[in-house]
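The structure appears below as structure tokens.
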Amino acid sequence: MEQQPFPAWLQRLAERRWVVTAIVGTMCGALGVWQRVSSGALTHLSGWAGVVAATAIITWLTYQLLGAAARAKQLAESSAELTRANATLTESLAALRASRQDLARQKMLAENLLTVARATGQRPVLEVTLQNTLAICVALTGATDGSLFLLDANGRVTQHLFARQDVAPQQVRALVGQAMSDGLAGWAARNRQAARVTDTLTDPRWATTSRESVLIRSALAVPLISRDLIVGVLTLMHPSARHFTEEHERLLSDAADQVALALDNARMFDTMTRLADRLSLLYEVSQTTAQPDLDSALDQALRAVRAATGWPTVSAFLFDEHQTLAARAVVGALAPEVLEHRRPSGDGIIAQAASTGRAQRAGDAMSEIAAPVCIGGRVLGVLDAVSAQPDAFTSQDLELLSAVADTLAMAIAYAELSQRQSG
């Protein structure tokens, strides 16, 4: 309850209670004397005793009342001070509680990021780092959905991860493209700053996608910057409006540098690992080329490629004596109708690789990559890999296939040389 102000006139009387008491006593005594004189009863001692008693009682009551008023004033001031102290204490406790909660979240974030960093230092598998980072941020903010995109130096998405695994493979490319071109993730990356949407129904930065099984009402996107480059974008979502707060934004913005560093380290480690695996595979393929039997060399090389990459089917097409591309070696387990579909025709990527001398990639109904096998500018054939899954091959896979094709060219040249010598 709000404290009522103490009357000012009573405050002044209470502060001067001795003077007021003396005045009241004097006035009472004077009034009593005047009453005795005017009544002519100057000789009655009992009357004078009554005047003295009345004056004393009134004087005493006046002093007590003014003293009580002074004490009441002090009590009111003490009560007001106590109320102010309680309000200050309540505010301090609330601030302390908020600070402790913030520190607890910061501690949790630091501990989890330290776990990610330690794992990164031991063997920073990029996929694991992406999963850990997204899971930690979702748990810290109470998000119901989220995504993490990894970008190259040109701003293209090289890897992506969704918190909910309910995205059909054929929809991934469209969803990622929409998020980066029209969505909040693209806005955060282009502007190099965090973006918090309190209500997606009124914020033009949010683009609704077909993936949203429930309506998303609030979102938070944070760019991940390492060495002044955007290496990724983290996006968190929730079906309730105003779910993400300034504290969430500040927490993730403060952690973005550490997350970006962990992802960058993991990506560099994966690049070096992939390079080492590629060199190991190329060395193994080169070992198969030093034999005169071309069919045996091709079969061993393709088996080595399939074992190292996990590609479902790897094939080698070579020109025959009629200058027609024909399958010389096939390693894999695809259905016969798929292999039949892959006959080198005028509009297929195998024929395109042979006619242009450049590697090709396709990924509509199924994924396929093809690299020409060349010696001295002459196309001898085409090395091909195929998968029944769309978007199964990356640009790095195409580079690896081209390197294997260049290595296999030596096997073909060695076989041709052996045939001429034996003939």
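Output wanted: per-residue J couplings in Hz (rounded whole) for the range 304-312, from phi through Karplus 6.51 cos²θ - 1.76 cosθ + 1.60, θ = phi - 60°, x for Gly and Pro.
My calculation for the range 304-312 gives 5, 5, 5, 5, 7, 9, x, 5, x Hz in order.
Considering all projection directions equally, how large on average is the shadow of the alpha-carbon convex hull of the range 123-267, in square nanometres?
The number I arrive at for the range 123-267 is 7.9 nm².
Once you have the Cα-Cα distance between R190 and V128, take 0.36 nm times their residue separation minus that, and quote the gain in nm to one decimal.
In short, 19.7 nm is gained.
Values in this text are rule-based calculations from the coordinates and carry no lab data. Source: prediction; values computed, not measured.
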